[in-house]
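A quick write-up on the structure given underneath.
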Amino acid sequence: MQSELSIVWIYPDLLSTYGDQGNVLVLEQRARARGVPARIHYVRSSDPVPQQGDIYLIGGGEDRPQILGAERLRKDGGLQLAIARGAALLAVCAGYQIMGSVFGGEEGQPVPGLELLDISSRRGEQRAVGELAAEVDPVLRLPTLTGFENHMGVTQLGPGVRALSRTIVGTGNGDGTEGCVAGKIIGTYLHGPALARNPALADLLLSWAIGPLPPVNDEWYQRLRDERLAAVLGEQA
Ligand code: GLN
């Protein structure tokens, strides 16, 4: 295992709605629990994105900050180089849409993305708001994911990605799937923050960056998971 993990949180000043920044803390805490200290780089949108990070995270945001964030990331090029180098990425909601070829702006206008994921998003008819539960692609061997969503965007997956999960409750991508995976990139509409509600997802990212992980005491995470899962599935019944 490596001696230090570098976590890069992209644009806390633009893209960090619904506590998505908690994802950074969960990764740091779960790396430290495995004896790997983590250094967190908070990269504001006025600063260049460092290329040497191990795991990059980007969160959700309103339409205008999302458009600005996409423009700056496209010009900067640091994230694209880091991904080409083999870094891992968790992109949530607005951040997820930005990783595709295009997404819908505040008037539905097409805005170009970074093309790191073979997805395209557009503004849908209805806002998707509420709890989400989704069953994960069996290849990834993760338990049911939960979180909440709040977005207008609808996302279409291309052949270059596979769906992260199938929705049990909620909207996700809008076609019965939720999020996607390609290489070491995970895109998702899950807020919660996603990694606090789904520690297995945090460990998947960590294992991509630092190799096989010993188990940790997950009692509190598990309690939150069980509570939310019961609440979400209860709402459905
Ligand atoms: N602005 C995007 C949408 O509405 C993303 C919203 C979000 O990140 N919560 O689809």
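The values are calculated or read from the model by the stated rules, or taken from the named source; none is laboratory data. On a predicted model such as this, the values are computed, not experimentally measured, just so you know. All Cβ positions, glycine included, derive from the backbone under ideal geometry; neighbour counts span all protein chains shown. Just the protein is used for accessible areas: all its heavy atoms, side chains included, with ligands, DNA and RNA removed. Shrake-Rupley method; radii C 1.70, N 1.55, O 1.52, S 1.80 Å.
Quickly rank 117-125, 193-201, 49-57, 155-163 as a protection proxy: mean count of other C-beta atoms within 10 Å, highest first. Spell out each step's value before the answer.
Working: 117-125: 19.2, 193-201: 24.4, 49-57: 22.1, 155-163: 16.3.
So the peptides 117-125, 193-201, 49-57, 155-163, ranked by packing, come out 193-201, 49-57, 117-125, 155-163.
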From the phi of every residue in region 7-20, what ³J(HN,Hα) in whole Hz does the Karplus formula 6.51 cos²θ - 1.76 cosθ + 1.60 yield, where θ is phi - 60° and glycine or proline is x? 10, 10, 9, 8, 6, x, 7, 10, 10, 7, 6, 6, x, 4
If all Cα-Cα distances of region 119-236 are sorted into 5 Å bins from 0 onward, what percent lands in each bin, rounded to whole numbers? 2, 12, 22, 24, 20, 12, 6, 2, 0
With label points set 7 Å from each Cα along the Cα-to-Cβ direction at S46 and R223, the distance between them in nm comes to 4.2 nm
Compute the signed sum of charges (Lys and Arg +1, Asp and Glu -1) over the other residues within less than 11 Å, Cβ to Cβ, of A182. +1
Ignoring solvent entirely, what values of log10 I(q)/I(0) come out of the Debye formula for region 1-110 at 0.12 Å⁻¹ when each Cα is a single scatterer? -0.39
Where does the charge balance sit around P65 when Lys and Arg score +1, Asp and Glu -1, over other residues with C-beta under 14 Å from its C-beta? -3
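I want to verify the translational diffusion coefficient of the chain in µm²/s; compute it with Stokes-Einstein, Rh as the Kirkwood radius over Cα pairs, at 4 °C and 1.567 mPa s. Can you show the working numbers first?
Details: Rh = 17.5 Å.
It diffuses with D of about 74 µm²/s by this estimate.
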Dividing the Cα radius of gyration by the Kirkwood radius, what Rg/Rh value follows for region 58-190? 0.94
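Rounded to the nearest 500, what is the 222 nm mean residue ellipticity of the chain from helices alone, with -39500 (n - 2.57) per DSSP H run of 4+ residues and division by all residues? Before the final figure, lay out the partial values.
Working: 7 runs with 72 residues, N = 237.
Rounded to the nearest 500, it is -9000 deg cm²/dmol.
Between beta-carbons, use under 13 Å as the cut-off and find the net charge around S101, counting Lys and Arg +1, Asp and Glu -1. Walk me through the numbers on the way to the answer.
On the way: positive: R74, R122; negative: E115, D118.
Residues close to S101 contribute a combined charge of 0.
For region 176-237, state the semi-axes of the equivalent ellipsoid (square roots of 5 times the eigenvalues of the alpha-carbon gyration tensor), sorted largest first and rounded to whole angstrom.
On the way: eigenvalues 104, 63, 12 Å².
Three semi-axes, in Å: 23, 18, 8.
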For the pair R74 and E4, the simple spin-label estimate (label points 7 Å beyond Cα toward Cβ) gives in nm 3.5 nm
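What percent does the relative contact order of the chain come to when contacts are Cα pairs within less than 8 Å and at least six residues apart? Could the numbers behind the result be given before it?
Numbers: 548 pairs, mean separation 46.1, N = 237.
Dividing the mean separation by the residue count of the chain yields 19 percent.
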Calculate what fraction, in whole %, of the accessible area of the chain sits on carbon and sulfur atoms when a 1.4 Å probe is rolled over the protein chains. 50 percent
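Please calculate how many Å² of accessible area the chain carries per residue, with a 1.4 Å probe and no DNA, RNA or ligand atoms counted. Don't skip to the answer; put the middle values down first.
Values: 10190 Å² over 237 residues.
Per residue, the chain has an accessible area of 43 Å².
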Sequence-distant or interchain residues sharing an amide H contact under 5 Å with I119, placed H: which? S101, G158
